[in-house]
Amino acid sequence: MNEVYLALLIQFAVFAVVALGLDFIVGYTKIFSVNQGLMLALGAFSYSFCVKTLGTTSLITAWAIGIAAACLVSLLIGVISLRVRGDYFVVISFGVQIIGMQAIFNSSSISGGASGAFGLPLPSIFGWTPSSLSQMAILAVIITVALYLATALLVRSPWGRLLRAVGDEESAVEAAGFNVRRMKLVAFVLGGTFAAIAGPLFVGSIGVAQVGDYSLGLSVSLLAMVVMGGAGRLAGGLVGALIFVGVPYVLTYTHLPLTTAAFLQQAIFGALLLLVVLTMPSGLTGGIALGWKNMARRRASHVGTDTTASDDSGRLPTGAQR
Amino acid sequence: MNITLNAVVNGLILGCVYGIAGMTFGVLYRITKVFHISFAAIGTLGAVVAVAVSGTSGSWTAITLGIIAGAAVAAVVTAAAFLALYRPLIRRGASAGITFIASLGAFMVIEAVVAIVAGPDDRKFSVMGFTRQSEVLGLKLSGLHVASLALFVLVAAAISFYFAKTRAGRQTRALIGNPEQAELVGIRVLLISTLMCAAMGGISIVAFAVNGMNSSVTFAGSLPLTLFGVLAMMLGGVDNLVQTGIAGLAVGAVGGLAAAILPGQWSSTIVFALAMVYIVIRPTGGFLRVRAT
């Protein structure tokens, strides 16, 4: 396969994992968090730390460091979310993103400061190192499929259904005797963990880790990606990631200057977000599912009308004929 | 010592900007009940218009005209966002999360369209001698510093006067408290809400323009400025204009002090960290026993 498509496939896999994780927070507990860019950065810079400081390309080591850091930060954000809610939490969430990224930027031994960390090799796992981009793409897809299946099992389990109930009617779940606080914290930790898993795959495949790539804008776009695809729906994250990766690629055909293309991409995401909010509150996948259901119902009722029509055509019901 | 004091004074001047942003955002938030994050993009739009209209002459008249033009554009766009986006969603019973996402979408579209149409480069106001500093009591002050402080006091006084002393202000307070009941007693809720959105959107351009004169008008700078304004609103208490203004000054002063003591890149980290601790301890905000306005 063409190297461009392979790179796109890896990016799709990475952002699908990020979206699946963010969905635990936004889609299930319905807390609008703008931190996923920071979590992805923690994973990404844990890999550059492993390569530059520890001298290893092991994904397992990078994941161990990245997941530990992401879990700590997620727990902190989760604890804050228990005390500060709604719009106020959004501001806190923006604040954590700014603080976290500045801390990473200022730790130049890890992040490489303003210039970033370059020349990162493809990561290895259990002693095996992908020798080409196609092998790296296979690894990324396997990890994404595994996490997708794990998420599917989790959200369909009693715990997953309870988590969805927390987002819909928190007080009812609390009244039923469940520990809502713990469930929210677990959702935050899962979201952070997924992003920390995606981070090393991302920087390992592109070979560069730069603080500027994980700005507030990325976190906002990731939130938009999940809402666009359909928050609280497994396929929603995948559709969101497809749009997130596909639109910039399509825009390369316009041959616009890079900055203009970036703003055009932002305008398209924004317009899609507005379209979804105004016409399909459950996202593109939710809208498609609803449209499909309505079409099926209409078809069924149409068939029903036909039956009536044939009944009205003069023929008597079977019993009457007899 | 003088360097530290000057840094705090510079921070206080920046705090005037945060205070204005906080007060206008606060009124918009109370009226629409929407976390109007597109405030940042509309601010950029207004500031870009202000720079374009003020031209290169650098006179106060040209700059004032520029700000008025920017404010007019921002007023129209803010009112349009309320009428075409937030109101239909609220009438449909959309949650706060959905209206926030809608505002986020509007932010992305407005900012991108401004960048594509007007160009993505940073812009500078032609302020000529207004940024020249002279020493007063050991402090380095410029005309822009004095103007920022004067504008902050003027905006705070004007909004406070409107709410406390005018009939329309009392009606606005009533509709903020209970829009349905306000409508029942004959208050023109839609008209007042729309006009207030336009007014606050317009006034907020003062903050974005002054910030642009201090440094430059950038696309990356509008969101942090808005967030500092919102932080001031949260620290002061959403229903208290005076404290929001004071909190804006405090946020600026702490940022200035942090910049003087620590390396510059840590200053906003310190401000956000301290503010977050305060908000977690006291989510309703407020620090003085002052009557809510």
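The values are calculated or read from the model by the stated rules, or taken from the named source; none is laboratory data. Here the structure is a predicted model, which is why all the values come from computation and not from measurement. As a convention, Cβ positions derive from the backbone with ideal geometry for all residues, glycine included, and neighbour counts pool all protein chains shown. Just the protein is used for accessible areas: all its heavy atoms, side chains included, with ligands, DNA and RNA removed. Shrake-Rupley method; radii C 1.70, N 1.55, O 1.52, S 1.80 Å.
Listed by position, the helices (runs of 4 or more DSSP H) enclosed by segment B:75-175 that each have at least 1 residues that are among the charged types (D, E, K, R) and without any contact (Cβ under 8 Å) to a residue 40 or more places away in the chain are B:87-91, B:143-165. Scanning segment B:31-70 for residues that are within 14 Å of another protein chain (Cβ to nearest Cβ) and on the phi > 0 side of the Ramachandran plot yields a single hit, B:Lys33.
If I go through segment B:1-30 residue by residue, how many of them are more than 23 Å from A:Ile92 (Cβ to Cβ) and open to solvent by 10 Å² or more (accessible area, probe 1.4 Å)? Talk me through it step by step, then tell me what you get.
Going residue by residue through segment B:1-30, those that are more than 23 Å from A:Ile92 (Cβ to Cβ) are B:1-10, B:12-13, B:16.
Filter once more, keeping what is open to solvent by 10 Å² or more (accessible area, probe 1.4 Å): B:1-10, B:12-13.
Of the residues in that region, 12 qualify.
Residues that are farther than 25 Å from B:Gly70 by Cα, more than 14 Å from every other protein chain (Cβ to nearest Cβ) and open to solvent by 40 Å² or more (accessible area, probe 1.4 Å) do not occur anywhere in segment B:94-102. Checked against (1) within 14 Å of chain A (Cβ to nearest Cβ); (2) closer than 27 Å to B:Ala168 by Cα; (3) not hydroxyl-bearing (Ser, Thr, Tyr), B:Ala199 passes all but condition (1).
Name every residue in segment A:256-303 that is small (Gly, Ala, Ser) and more than 9 Å from chain B (Cβ to nearest Cβ), in order of residue number. Steps first, please.
Just the residues of segment A:256-303 that are small (Gly, Ala, Ser), to begin with: A:261-262, A:267, A:270-271, A:282-283, A:286-287, A:289, A:291, A:296, A:300-301.
If the condition is that a residue be small (Gly, Ala, Ser) and more than 9 Å from chain B (Cβ to nearest Cβ), then A:Ala261, A:Ser282, A:Gly283, A:Gly286, A:Gly287, A:Ala289, A:Gly291, A:Ala296, A:Ala300, A:Ser301 are the ones that fit.
For A:Leu216, the stated conditions hold: it is out of contact with any His (no Cβ under 9 Å at 6 or more places or on another chain) and within 18 Å of A:Met39 (Cα to Cα). Looking at B:Leu190, B:Leu257, just one residue is over 23 Å from B:Leu5 (Cβ atoms) and surrounded by fewer than 24 Cβ atoms within 10 Å (Cβ to Cβ), and that residue is B:Leu190.
Aliphatic (A, V, I, L, M), under 20 Å from the mean Cα position of the chain (by Cα), within 20 Å of B:Gly229 (Cα to Cα) and assigned to a helix (DSSP H, G or I): does that describe B:Ile203? Working first, answer last.
Details: aliphatic (A, V, I, L, M): yes; under 20 Å from the mean Cα position of the chain (by Cα): yes; within 20 Å of B:Gly229 (Cα to Cα): yes; assigned to a helix (DSSP H, G or I): yes.
Criteria met by B:Ile203.
Among the residues of this structure, A:Thr61 counts as one that is without any contact (Cβ under 8 Å) to a residue 60 or more places away in the chain and on the phi < 0 side of the Ramachandran plot.
Scanning segment A:228-243 for residues that are within 13 Å of chain B (Cβ to nearest Cβ) and open to solvent by 20 Å² or more (accessible area, probe 1.4 Å) gives a single hit, A:Ala231.
Could you list all residues from segment B:121-140 that are open to solvent by 40 Å² or more (accessible area, probe 1.4 Å) and either of a type in the set (S, T, N, Q) or at the interface with chain A (Cβ under 10 Å from one of its Cβ atoms) (or both)? Correct list: B:Asp121, B:Thr131, B:Gln133, B:Ser134.
Rundown of residues vs (1) in a helix (DSSP H, G or I); (2) in contact with a Pro (Cβ under 9 Å, 6 or more places away or on another chain); (3) more than 10 Å from chain A (Cβ to nearest Cβ), yes/no style:
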| residue | (1), (2), (3) |
| --- | --- |
| B:Gly212 | yes, no, yes |
| B:Pro224 | yes, no, no |
| B:Ala250 | yes, no, yes |
| B:Ala258 | yes, no, yes |
| B:Ser268 | yes, yes, no |
| B:Leu274 | yes, no, yes |
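Which members of segment A:47-64 meet the condition of being in a helix (DSSP H, G or I), open to solvent by 10 Å² or more (accessible area, probe 1.4 Å) and under 11 Å from A:Pro123 (Cβ atoms)? Outline the logic, then answer.
Residues of segment A:47-64 that are in a helix (DSSP H, G or I), as a first pass: A:47-54, A:59-64.
Now narrow it down to the ones that are open to solvent by 10 Å² or more (accessible area, probe 1.4 Å): A:49, A:51-54, A:60-61, A:63-64.
Passing the criteria: A:Val51, A:Ile60, A:Thr61, A:Trp63.
Which residues, counting only those in segment A:65-105, are closer than 17 Å to A:Val211 by Cβ, open to solvent by less than 40 Å² (accessible area, probe 1.4 Å) and either touching a residue at least 40 places away in the same chain (Cβ under 8 Å) or more than 12 Å from every other protein chain (Cβ to nearest Cβ) (or both)? The answer is A:Gly66, A:Ala69, A:Ala70, A:Val73, A:Phe94, A:Val96, A:Gln97, A:Ile98, A:Gly100, A:Met101, A:Ile104. Cβ separations smaller than 9 Å between residues 6+ apart or across chains give the following pairs from segment A:18-31 residues that are outside any helix (DSSP H, G or I) to residues that are among the acidic types (Asp, Glu) and surrounded by fewer than 24 Cβ atoms within 10 Å (Cβ to Cβ): A:Thr29/A:Glu170; A:Lys30/A:Asp168; A:Lys30/A:Glu170.
Residues checked against (1) in a helix (DSSP H, G or I); (2) farther than 30 Å from A:Ile104 by Cα; (3) out of contact with any Cys (no Cβ under 7 Å at 6 or more places or on another chain):
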{"site": "A:Gly177", "(1), (2), (3)": "no, yes, yes"}
{"site": "A:Leu185", "(1), (2), (3)": "yes, no, yes"}
{"site": "A:Leu201", "(1), (2), (3)": "yes, no, yes"}
{"site": "A:Val220", "(1), (2), (3)": "yes, no, yes"}
{"site": "A:Gly236", "(1), (2), (3)": "yes, yes, yes"}
{"site": "A:Thr252", "(1), (2), (3)": "yes, yes, yes"}
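For segment A:106-139, a residue qualifies if it is within 12 Å of another protein chain (Cβ to nearest Cβ), in a loop (DSSP other than H, G, I, E, B) and open to solvent by 40 Å² or more (accessible area, probe 1.4 Å), and the qualifying residues are A:Ser107, A:Ala114. When restricted to residues that are open to solvent by less than 50 Å² (accessible area, probe 1.4 Å) and under 22 Å from B:Val238 (Cα atoms), segment B:269-287 contains 10. Before we move on, is B:Ala118 open to solvent by 10 Å² or more (accessible area, probe 1.4 Å), under 22 Å from the mean Cα position of the chain (by Cα) and within 14 Å of chain A (Cβ to nearest Cβ)? No.
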